[in-house]
Amino acid sequence: MTTTLSESLDVFFENKSTPIARDLKLNLGKLLEQSSLSNQEALLVLLATATSVDHRELAILAKSHLKELDLTAAQIQEAEESAAIMGMLNTYYRFRHMIQNDEDYRSAGLRMTALAKPELGKESFEMLSFAVSILNGCESCIRSHEKSLREEGISAEKIHDLARIASVVKGLKALQMA
């Protein structure tokens with residue numbers, strides 16, 4: 001029998017009954033099931049952001065539901081690994097932004113050919129990149145990915161929902177540590 005996302009969230013939050021945990025559960029449920037994002041988009045972002053903050057339980061939950069959709073194993077793996085390449089790039093570009101010296105550091109010199117033809121397609125990968133960049137706090141990357149998403153025709157509402165999922169995942173990581 002297939003477990004619904006709501007049932008999975010109930011199990012995930014089973015031993016978490018504080019007012020803060022309830023708020024986070026309601027926020028996550030709403031974003032995954034009733035936002036402007038498709039079910040697939042929301043779960044991909046959940047996987048990428050949970051991986052980014054090292055929330056294994058949440059990543060496992062996302063992967064289990066993604067496996068039920070028409071995604072290949074390579075696409076699911078790419079969503080998970082997007083946290084790694086964006087972690088590298090966000091760290092580097094945050095350095096560049098803080099230094100404010102473009103003359104000495106013109107080329108990143110970091111291999112990133114995986115970004116040329118993502119398994120998930122450019123639009124989906126941009127969504128993941130944006131959400132992970134929010135978690136990593138890279139202002140220049142956030143601005144760049146938001147601009148790319150707008151140019152792809154992604155609505156402000158959808159971009160806002162991506163930011164909200166990243167925010168809730170960050171909160172859930174902190175809750176896990178409490």
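Every number in this text was worked out from the coordinates using simple rules, so none of it is lab data. Computed from a predicted model, the values in this text were never measured in an experiment. Cβ: placed from backbone, ideal geometry, glycine included. Neighbour counts: every protein chain shown.
General observations
- Taking a point 7 Å from the Cα of GLN176 along the Cα-to-Cβ direction, the residues of region 22-38 with backbone N closer than 15 Å to it are 25.
- Pairs of Cα atoms nearer than 8 Å and 6+ residues apart set the relative contact order; for the chain it is 28 percent.
- Gyration tensor verdict on region 88-178 (Cα atoms; rounded if a/c is under 1.5, prolate if a/b is larger than b/c, oblate otherwise): oblate
- Of ASP104, ASP161, ASP23, the residue with the greatest mean-square motion in the GNM of the chain, using alpha carbon springs below 10 Å, is ASP104.
- Listed residues LEU47, LEU162, LEU26, most fluctuating in the chain (Gaussian network, C-alpha, under 10 Å): LEU26
- FRET efficiency for the pair GLU152 and THR91, taken as 1/(1 + (r/R0)^6) with r the Cβ-Cβ distance and R0 = 25 Å, rounds to 0.50.
- Using a cut-off of 18 Å between Cα atoms, the listed pairs LYS117/LYS158; LYS147/LYS170; LYS122/LYS173; LYS67/LYS122; LYS122/LYS158 include LYS117/LYS158; LYS147/LYS170; LYS122/LYS173; LYS67/LYS122 as exceeding that distance.
- Evaluating 6.51 cos²θ - 1.76 cosθ + 1.60 at θ = phi - 60° for every residue in region 79-86, the Karplus couplings come out as 4, 5, 6, 4, 4, 6, 5, 6 Hz, glycine and proline recorded as x.
- Beyond 23 Å, the tail of the calculated P(r) for the chain holds 40 percent of the Cα pairs.
- Theoretical FRET efficiency, 1/(1+(r/R0)^6), r = Cβ-Cβ of SER64 and TYR105, R0 41 Å, to 0.05: 0.45
- Once you reduce region 4-27 and region 163-177 to the center of their Cα atoms, the two points are 13 Å from each other.
- 3J(HN,Hα) from dihedral phi, region 58-71, Karplus parametrisation 6.51/-1.76/1.60, rounded to Hz, x for glycine, proline: 5, 5, 4, 4, 4, 4, 4, 7, 5, 5, 7, 8, 7, 10
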